[in-house]
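Report on the structure given below.
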Amino acid sequence: MNPVTRISPVSDAQAAALASGDTLADLAGEIATTPAAARARRASPRSATRRRLLIGIPAAAALAVAGLVATSIGSPGQKVGPVTVGPPKAEAAALSFTRHGGYLDVIVRNPLADAKKYRAEFARYGLNISLTLVPASPSLVGTLVYASGPTTGPQIIPISAVGKCWTGGGGNVCPVGVRVPLDFKGQAYLTFGRAARPGELYETTAPANARGEALHGLSYVGKTVAQVLPLLAARHVVAAHYLLNEHCENVGSRTAPAGWYVTDADPYAQGEVQLWVSKTWPSTQQSCPGNLPSPTASPHNH
Amino acid sequence: MYPVSKGANVPAPPDPAPAERRRRFDELYRSHHREVLGYLLRRTPNTDDAADVFAETFLAAWRRLDDLPSDPEVRLWLYGTARRTLANYRRGERRRLALADRLRADLASRYQPPDFSGELAEVTAAFRHLPERDRELLSLVAWEGLDPGQIATVLGCTRNAARIRLHRARRRLADELARRRPQGDPPPARAFAPNGDIA
């Protein structure tokens, strides 16, 4: 018997039993509500899934409630996007609740509050809603980046504000809160983008050249590392991390060969970006197994 | 469930997923989620990474559903995608997916990687001493039950290359096991029976 067989850490059946049936079923449902946009992106050398969850919202499905947002950010402190990121007053509520007919409109007022505080404030309204905030690149601060909940019954609706952020696709309608029906039943999970602390890595990012991001308006794709670094320096932006594409896998590195080509850039942390670089240009990543409909023989036989 | 933003990188408002597409995805997920989760937990003790890569793998499958091979080859596609994504996570390209929050919590609270003792601890030590590439080849045979042709599909190499590399990996494991055996202890006739069609 192959001795490796005997040191299998876990069987498929054991692995599946570690997650509850609800967790696994809900995850499938959440994945299936994301846009199937691969066809539009297949020509791109980048992986369609490497960024944090990217979900589009049909503009028609969002409520534009600009007035509500304007009143919700009237507190002191530094304003970044629609939320206040300065030190909150100790007694301040983390969320603001405004009743509108049969709905509660909820806006995040303190994006640095403890998740328990949000949960407690929702619970005061009888709502079982879990809210988390993740450090986001500047154009996504204050926006709702992820939500899930029951598929039947009254639904939570994102509240959008025009001009509070800019999407990679050029749109500027972004959710900044949620509208919860008073008779909402079940559990919901919401994730907002918040401003990153200095040095803190972003967990959700727009393209580095999107409006509001560090490299907006800069052209870098297809240029060499040696050409791009001075452009970054002129903006006081540092290339803090590189992903070197070799043999169809991206190798993380603190440095990159000066003559390699930049294929993409991500916001990384405040004043920092991550550059995707490739030895050749145009990049040959399209021919990698993961970027094809199915894995096929690659020229790299290691 | 309701769609929400993210602002970044959104090409166009998505069409509502046709019921037929959703049905196909549900079938794929139902048939293969155990295998993908098992594959990942056998590769990494980091349950957060396993949860995120699991979600990323099926997110990729959902997005490319119309291009995926049919059963049973789709299982190999899922392994290949999970393998590359996990490799990138290990190299620092790590993103925490909000949609994997609950799976991450479930796995973190319930999974304890086994701690082998005695002879199996020896095997584990020898196995861990091998290069990652060798470990993956041996694992795909021993844990996922793949043959060299299927391994070639997962790794994106030719069948012949998979056979040669597997043969070498087995030899290196046998050498490593022999090296760890106390002196005077006679080696077995074969470290282990070849599994598959190695020449």
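The values are calculated or read from the model by the stated rules, or taken from the named source; none is laboratory data. A quick note: this is a predicted structure, and the numbers were derived from the prediction, not measured. Backbone-built Cβ (ideal geometry, glycine too); neighbour counts: all protein chains shown.
A:Gln227 meets the conditions (1) part of a loop (DSSP other than H, G, I, E, B); (2) out of contact with any Leu (no Cβ under 6 Å at 6 or more places or on another chain) in every case but one. The failed one is (1). When the range B:41-53 is filtered for residues that are more than 8 Å from chain A (Cβ to nearest Cβ), crowded, with 22+ Cβ neighbours inside 10 Å and either of a type in the set (A, V, I, L, M, F, W, C) or in contact (Cβ under 8 Å) with a residue 60 or more places away in the chain (or both), the ones remaining, listed by number, are B:Arg43, B:Thr47, B:Ala50, B:Ala51, B:Val53. The number of residues in the range B:64-79 being buried (at least 24 other Cβ atoms within 10 Å of the Cβ) and within 7 Å of chain A (Cβ to nearest Cβ) comes to 1.
Rundown of residues vs (1) buried (at least 19 other Cβ atoms within 10 Å of the Cβ); (2) assigned to a loop (DSSP other than H, G, I, E, B); (3) modelled with pLDDT of 85 or more, yes/no style:
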site: A:Gly222; (1), (2), (3): no, yes, yes
site: A:His236; (1), (2), (3): no, yes, yes
site: A:Gly252; (1), (2), (3): no, no, no
site: A:Gln274; (1), (2), (3): yes, no, yes
site: A:Pro293; (1), (2), (3): no, yes, no
site: A:Thr296; (1), (2), (3): no, yes, no
site: A:His300; (1), (2), (3): no, yes, no
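One residue stands out in the range B:96-122 among those that are in a loop (DSSP other than H, G, I, E, B), at the interface with another protein chain (Cβ under 7 Å from one of its Cβ atoms) and surrounded by fewer than 22 Cβ atoms within 10 Å (Cβ to Cβ): the one that is modelled with the lowest pLDDT, namely B:Arg96. Filtering the range B:74-129 to residues that are acidic (Asp, Glu) and more than 27 Å from A:Ser253 (Cα to Cα) leaves B:Asp101, B:Asp106, B:Asp115, B:Glu119, B:Glu122. The single residue among A:Gly169, A:Gly163 that is at pLDDT below 80 and within 11 Å of chain B (Cβ to nearest Cβ) turns out to be A:Gly169.
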